[in-house]
Amino acid sequence: MDSDLEAICDKIYKMSCTVAKELQHLYHSSMEEQYQSALSYEFQKGKFVYHVETVIQLKYKGFPLKESEADFVICPGGPNKFKENIVMEVKNTAFSKPSRDKARLQLFTYLNSGPKNSNPLLSNVKYGLVLLWPTQDEKKVLNESGDKATLSSPIVKPEMELWKTTDAKGTKFDLIKSW
């Protein structure tokens, strides 16, 4: 693996762990937006060059069908010495196979569709990250006894995978590394 690619992905993962630790005891039925906002804060603080909610057109034989949005596109610059853009999908979900597969399929759709778009951020995209934030389990978080309650869940680190498109059609992908 390219050392610049590994270095930037390691930094992103460390930032993700920081966010997970800080937001561990917050609960809402959907924390995904809050996790994304907190990660954006970390990216800004770290002087990353990135774009949020980048529009990707899904097409049929060149005909636009629908627009979708990639959570992040990480660009070269700042601490990122890797020379290519990296598309990133972020999910706040259970660490189950169906949840992982759904997040991966969304990322693979972006990796497949990105090069078919006129958006220069996506025209040559080959690399993608899936980041899964842990969901709170109410049974493990709240420790009640009588008139006292404690937020007591252990800190669960996020999971992250780096994928690469391996064919010109954008239909084959290799897992490069997992965190």
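Of the listed requirements (1) touching a Ser or Thr at 6+ places or on another chain (Cβ under 8 Å); (2) loosely packed, with under 15 Cβ neighbours inside 10 Å; (3) modelled with pLDDT of 95 or more, L39 misses just one: (2). Restricting region 90-117 to residues that are among the small types (G, A, S) and in contact (Cβ under 8 Å) with a residue 24 or more places away in the chain leaves a set whose member that is surrounded by the most Cβ atoms within 10 Å (Cβ to Cβ) is G114.
Inspect all residues belonging to region 149-172 and state whether any of them is under 24 Å from Y13 (Cβ atoms), in contact with a strand residue (DSSP E or B) (Cβ under 9 Å, 6 or more places away or on another chain), at pLDDT below 85 and assigned to a strand (DSSP E or B). So far as region 149-172 goes, no, none of its residues is under 24 Å from Y13 (Cβ atoms), in contact with a strand residue (DSSP E or B) (Cβ under 9 Å, 6 or more places away or on another chain), at pLDDT below 85 and assigned to a strand (DSSP E or B). For region 56-78, a residue qualifies if it is surrounded by 14 or more Cβ atoms within 10 Å (Cβ to Cβ), farther than 16 Å from P120 by Cβ and out of contact with any Ser or Thr (no Cβ under 9 Å at 6 or more places or on another chain), and exactly one does: G78.
Please give the number of the condition I56 fails out of (1) under 29 Å from V156 (Cβ atoms); (2) modelled with pLDDT under 95. If we test I56 against (1) under 29 Å from V156 (Cβ atoms); (2) modelled with pLDDT under 95, just (1) comes out false. Return yes when N85 is at pLDDT below 85, surrounded by 15 or more Cβ atoms within 10 Å (Cβ to Cβ) and touching a strand residue (DSSP E or B) at 6+ places or on another chain (Cβ under 6 Å) and no when it is not. Spelling it out, it is not the case that N85 is at pLDDT below 85, surrounded by 15 or more Cβ atoms within 10 Å (Cβ to Cβ) and touching a strand residue (DSSP E or B) at 6+ places or on another chain (Cβ under 6 Å).
The values are calculated or read from the model by the stated rules, or taken from the named source; none is laboratory data. Here the structure is a predicted model, which means the values were calculated and not measured. Cβ coordinates were reconstructed from backbone atoms using ideal geometry, including for glycine residues, and neighbour counts include every protein chain displayed.
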